Structures are given as structure tokens and as C-alpha cells.
1. Roughly how many debye, to the nearest 20, is the charge dipole of the range 162-370 about its Cα centre, given +1 on each Lys and Arg Cβ, -1 on each Asp and Glu Cβ, and no other charges?
2. What value, in deg cm²/dmol to 500, does the helix sum -39500 (n - 2.57) over DSSP H runs of n ≥ 4 give at 222 nm once divided by the residues of the chain?
3. Please compute the net charge surrounding Phe266, taking Lys and Arg as +1 and Asp and Glu as -1 over other residues with Cβ under 13 Å from its Cβ.
4. Please give me, ordered by residue number, the GluC sites (Glu not before Pro) of the range 25-103 that lie in loop per DSSP and have at most 13 other Cβ atoms within 10 Å.
5. Along the charge dipole of the range 377-460, which of Ser420, Tyr402, Leu385 sits closest to the positive end, that is, farthest toward it, with unit charges on the beta carbon of Lys, Arg, Asp and Glu (+1, +1, -1, -1)?
6. Do any trypsin sites (Lys or Arg not before Pro) in the range 383-462 lie in a loop, going by DSSP, with at most 13 other beta-carbon atoms within 10 Å of their beta carbon, and if so which?
7. Among the lysines, which have Cα under 22 Å from the Cα of Lys451 when same-chain residues fewer than 8 positions away are ignored?
8. Relative to the present Cα-Cα distance, how much length would full extension add between Gln403 and Lys157 at 0.36 nm per residue of separation?
Amino acid sequence: MTLIKSISGIRGTIGGQVGDNLTPIDAVKFAAAYGVWIKQQRQKEDYRVVVGRDARISGEMIQNLVMNTLVGLGIHVIDLGLSTTPTVEMAVPMEHADGGIILTASHNPKQWNALKLLNNDGEFLDAVEGAKILEIAESDDLNFSDVDSLGKITKNKAYFDLHIIEVLDLDLVDMPAIEEAKFKVVVDGVNSTGGIVIPLLLERLGVDVIKLYCEPNGQFPHNPEPLKEHLTDLSKKVVETGADLGIVVDPDVDRLAFMDENGEMFGEEYTLVACADYVLSRTPGNTVSNMSSTRALRDVTEKHGGKYEASAVGEVNVVSLMKKNKVVIGGEGNGGIIYPESHYGRDALVGIALFLSLLADKRMRVSELRKTYPNYFMSKKKIELTPGLDVDGILKTMENRYQNEQLTTIDGVKIDFADSWVHLRKSNTEPIIRIYTEAKSQQEADNLADKFIDEIGAIAKL
């Protein structure tokens, strides 16, 4: 069992020992540290924080602990209940709140949960802000309010509708074209909140929706990370029903993947590529993704006359570079679409609306659309970390070993070869080293990943 404290929040498994797992005491401690930090930002009479959760089994327990801790600090809470990460992100500025907390462990299995922390713009905290909250949590300098100054909890169930309205109002979302196309779509909501909001969005777009695992009970029917090997049921359902495509999201609905009419993956990496192709064709500009994302985004961006740049991994790093470069669209290759015209956060609802607009405009099947993009193949593997392993030393050894290649070290070690690349980095959310590779064939990408796994294993004597 594990507890991971990072600048992006606190993540861990439910139950077990305090300080080693995400126990009620740990949830209260870090919620209190966040609340203290919120109050340090501005001196004012009333503080407001938006709180929402995915459908994890532990979600209601953790949310009650977090909300009442904030109440004890004199902070008013807007309770969205079952929600999504992008919905909470949008609600923060709409509520003129001081921050937000999403209770979700994203793609991790059901025994995990997490506190993901937002600033008053509804965006993830930067490294300095996150470090300050960790410092407060360890200091025990937590001063709670007296009985006459406690906060209040106000429930607000309107934000799924408000989120959908905001998406449909985007200039590039072509509702008439989507309605005319009469798409039939299978939605895998992994029994979390995507099972509520994605069908609602699609129905508003005039799409014929077939629901698969859309009961928000937190009992994930398969590994919740939206990868090909986890989506055999979706593939079968798409083919059986003669659907035009399949859609799958992760439990907190910030990652998005598509499946074509043959039950084949469109490619999680190509979610952003396709949406960027559509946006760039109408609003020329630049793009950003992280270092572990496909080269295809660079190719599509340059085709439209724009410039592409890669950031360190992590949504806050992507957003920071997007703002600096004034890009028109960006995100992460894990199916995360960040469209500034909406908000600076990964949003599956926005991605779905843009993708269907593109598909309706092109008047082609999903499999045909995929063939219009550069063909790269990616391998995503990992090495489990053992206690005491000197990961930084291992990465430094790899950097020295490949110093004559094109290297980037802003986030682990990325080595660019002529026709392929490999990115080695410590995960921010799990005790693993991630090994991402990309090449011109799946076999080449897999072989490259295995080669580096063997090299790291030899160095670490695993």
C-alpha cells in the first residue's frame, strides 16, 4: 500500500497505517494544509472552495472528511458531489471561488484515491504552491476557526449542465453538422462519472448513444486506464451494434480515447492529433504537448504552418508552456485535450465535441480519418521501483551513456534518435520508472523499450 505526496496533491491507497496510506487522518491533514494555504493567499472575510469527486467507492467518505475540514477552517464549500475533473476546474472561476479540490485517483484502480488541488483560476497548482502546501502539512501549524466562524456547505448539482452548455457554445463545435451526421456511438464510462455526463453531452449533439458501463458505482469493470488491452468489451459492442465509433474516458473524465467502426483503437495518442488538426485548420497557430507524446502532433502542426514545442510531463507544465507560446490547442498524448477557448485543463467533453465536428466535416469513417495522419507506434512500459533504488543515479548513467545523441533532460532523460525516441522518467503518481518509446513500427517501439529496460536492469542489478 502506498501514499504519494507530490506538488500536484496527495494520492494513495485506502486503509492501512497513517502516513503510509490515504487514511482519514491523512485526508484531513492535507485538506487542512490546503485550506490554510488558501487563506494565506488573500486576506478576506469569506473563502470559497469547490469540491467534487469521481464515483470511487471511497469517494463519499473522503469528500465528507475534506469538506468538513475546510468548514472547520471557516471556508465555505460548494459541493458538486459526483463530478469530473474538468467540471470542477470550470466551476471554480464561475463560482468566483478561491480554489477547488477534485477527489479522484484518475486512471488508478479502485483502491486508490487522491486530492487534486486547484488555484482560483481552476488550474492545477505549480511547483512552488504545491511545495508550500506540503510544508504546511508537515509543520502542524494548523489553526482552525471558532464555533461562530465555521464555514458552510452548499450543494450545487447544476454544473454538468453548465459544462455541457459551455462546450456546445464553443465556436468550433459544429452542432448542426454533428446532428446531420446521425452518429451512433458506444460510450464506456468505466462505471464512473463519465457514464453520466458523456451520454448527456452526446444526446444534446443529436447522437444515438449506446451505454456500456455507465453506472456510477465505482466498481470498475476493467482496468480504468483507457488502453487497448482493457477495452475488449467496448470493441465487441461497437462491432455488434454497427456503431460509427466507440468513446472511452477514465474515471475523472480528463482522458479520452476513440475506437473506430471496426472495433480498433484510433490510438490514444491520436486523440490530440485529430482535435489539433481540426482546430488548426480553422484557427492557425502553435501547439504544445509533453515530451512523452507522439511526434505526429509536431507533423500536423507544421503542416498547418504552426510551431510545436514539448514541455515536461505534467498538466501544469503543459499549461505553462501553452500560455507562454500562446497556443491554440495543446494537451497530453494520454488523450488529454486542453483547449484555451474553453479552459486550461484536460477535458474529454471538449475533445469529444471537437472530434465529432471534425468527423462530420470530413464525412469519412473513423478508420479512414486515422489513415490521414502520420503513422507512429508507441510502447509504454514501466519498471517497479524497489526501496532504496537510486533512480536519479540510474537516469544520470543513461544520460552519460547516450551523451552523443540528441538529449533533453528537463524531465528525466529523453533521447531522440533519427527515426525513434525513448523517454525515461520517474512517475509523479506511482512508484515506477516510466519507459516510453516511439518508432515507425510497433515491433521497433517494443524492442527499443525492452532494450532500455534491460540496460536499466543491468545498472540497478534488478
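1. Working: 21 positive and 33 negative charges, 106 e Å.
The dipole of the range 162-370 has a size of about 500 debye.
2. Details: 15 runs with 177 residues, N = 462.
That comes out to -12000 deg cm²/dmol.
3. Details: positive: Lys228, Arg365, Arg370, Lys371; negative: Asp244, Asp260, Glu261, Glu264, Glu268, Glu269, Asp277, Glu368.
Net charge around Phe266: -4.
4. On the way: sites: Glu45, Glu60, Glu89, Glu95; in loops: Glu45, Glu95.
Filter output for the range 25-103: Glu45.
5. Farthest along the dipole direction, towards plus: Leu385.
6. On the way: sites: Lys396, Arg401, Lys414, Arg425, Lys426, Arg434, Lys440, Lys451, Lys461; in loops: Lys440, Lys461.
When the trypsin sites (Lys or Arg not before Pro) of the range 383-462 are filtered for loop state and at most 13 Cβ neighbours within 10 Å, Lys440, Lys461 remain.
7. Lys380, Lys381, Lys382, Lys396, Lys414, Lys426, Lys440, Lys461
8. Details: separation 246, 0.36 × 246 = 88.56 nm, distance 5.43 nm.
Working it through step by step, the gained length comes to 83.1 nm.
Every number here is computed from the coordinates shown, using simple stated rules; none is lab data. All of these numbers come straight from a predicted model, not from anything done at the bench. We place every Cβ from the backbone using ideal geometry, glycine too, and count neighbours over all the protein chains shown.
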